[in-house]
1. Which is modelled with pLDDT of 85 or more and surrounded by 10 or more Cβ atoms within 10 Å (Cβ to Cβ), of Val175, Val158, Val144?
2. For the subset of the stretch 178-191 comprising residues that are closer than 12 Å to Pro160 by Cβ and among the small types (Gly, Ala, Ser), which member is modelled with the lowest pLDDT?
Amino acid sequence: MEAAKLYAAGAFAAGLVITLFLAAYLTPRQWWRRPNARALLISLAGAWGFGSLILYAAHARQNDREDVSAAAASSTVAQAAPDRRAEARAITAAVAARDAATRSAASASAAAAKSASALTSASLIAGHPFAVHRDLNLRAAAGVHAARLITLPAGAVVTPTGLRSGDWWQIKASVAGRESTGWVNSLWLRRSGE
């Protein structure tokens, strides 16, 4: 039998032992009085899961050993050719600088486009009347945890000021002859014609 198959069989056997040990202490005793599908499923899943973890850990450890030996070999080669190593570092640095410049330019243009679209959409809603769809709480700040100022009745007409925080809009409303300014969730507003 190959060494890899032997290691796999040993890992899954160890996984089964770990599963049975944990099942004996972590599950009710009556589950194990007679064989059933639940016991079989727990045993198989545990053996597979713990066995896979053991194989993964052993494989990672083996790869670490291989990496160390490869690093030692590459350092020997690198010492033999210092000019190539310096040249490779210079090329890597130049590529990294170019990529960083490209990313910063792209993020700056994306931020400018986002702020421009936010200003455009805010200016499109500012000053246009909206109707309250259902009774709605007018809050002192954006968010459900902010203090409630008043409750706007369904059908009340409100006017956004243009300030937004996600789905929360600052609005002006007149309820019972009293002018109030506060924040509401825009999902509960409809254009006046809707």
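1. Being modelled with pLDDT of 85 or more and surrounded by 10 or more Cβ atoms within 10 Å (Cβ to Cβ) holds for just one of Val175, Val158, Val144, which is Val158.
2. Ser186
The values are calculated or read from the model by the stated rules, or taken from the named source; none is laboratory data. Quick caveat: nothing in here was measured; it's all calculated off a predicted structure. Counting neighbours? That spans all protein chains shown, and the Cβs are built from the backbone with ideal geometry, glycine included.
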